[in-house]
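The values are calculated or read from the model by the stated rules, or taken from the named source; none is laboratory data. Please read all numbers here as calculations on a predicted model, not as lab measurements. All Cβ positions, glycine included, derive from the backbone under ideal geometry; neighbour counts span all protein chains shown.
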Amino acid sequence: MVKIATNKSSISREKKNGKSTAVTDKKGKKKNTQEYEVLYNRLKEEHEKNDREWVLKEMVYQERLKKIQNEKLTKRFVELGYVFSPTEGKLVDYYLRNKNLCNPMDLCPIEEVDVYANHPQTLAEKHPNEAQVWYFFTRSRPNEVQEVHDVRGQWVTCDKIDLFYQGEKVGVKLLLEYCEGGHKSEYKIIEYQLDPAPESSENWFICKLYNGGCVDVHFQP
């Protein structure tokens, strides 16, 4: 019978080394798992960020597309003889209210213009209109100092009247006449304001510009 000599110290070292190797492998596996999780979370965050950016870009694109389509449609209607002539109640309660609340509107031909920074004749020339009546959204105020100022006269407030729609007060309207060189011109503006205004109002007004010598526009309650 042959006896196999064993070295206890060698076996102990092997066990120790084996145990140590197993621990190292276990730690290494845990470390790799953590790295994968970090990488996964990073990729997930980037993916979600890209999704949000894509959604925002899509919203902006759709808004611009709708605006272009409305402009083309409005232009086509004008060519066919369409005249924008809403009632004052509709003008304030629908167009002005939705503008101030940033709500979408179908087929809104009212442009955003810095009205009071421009001479009325300049506005008429820039926006040709056979009806000789112009509607503008504006935030500027009469006779205020502005960077671009093409005004040689001033706007004088004449009358102010409460405006009612379907039995409720929805706003006020002001009549302003343009004076230049000490004389009143034929240009007038009826300015519409929301009153009472919503808390989240964007402070937009509607100006109805017209040449009193060309058209007969009545300013009445």
**Report entry** Single residue of the range 166-195 satisfying the filter (more than 10 Å from residue 154 (Cα to Cα) and of a type in the set (Ser, Thr, Tyr)) that is surrounded by the fewest Cβ atoms within 10 Å (Cβ to Cβ)
**Finding:** 185
Query - Flag for residue 185 being among the polar types (S, T, N, Q), assigned to a loop (DSSP other than H, G, I, E, B) and farther than 11 Å from residue 96 by Cβ - result: no
Report task. Answer with yes or no whether residue 210 is closer than 13 Å to residue 116 by Cα and either modelled with pLDDT of 85 or more or basic (Lys, Arg) (or both). Result -> no
Query raised in the report: Any chance the range 96-118 includes a residue that's at pLDDT 95 or above, within 22 Å of residue 72 (Cα to Cα) and not in a loop (DSSP other than H, G, I, E, B)?
Result: yes
Query raised in the report: Residue check: is residue 92 modelled with pLDDT of 80 or more, in contact with a helix residue (DSSP H, G or I) (Cβ under 8 Å, 6 or more places away or on another chain) and assigned by TED's automatic domain parsing to the domain that holds residue 188?
Result: no
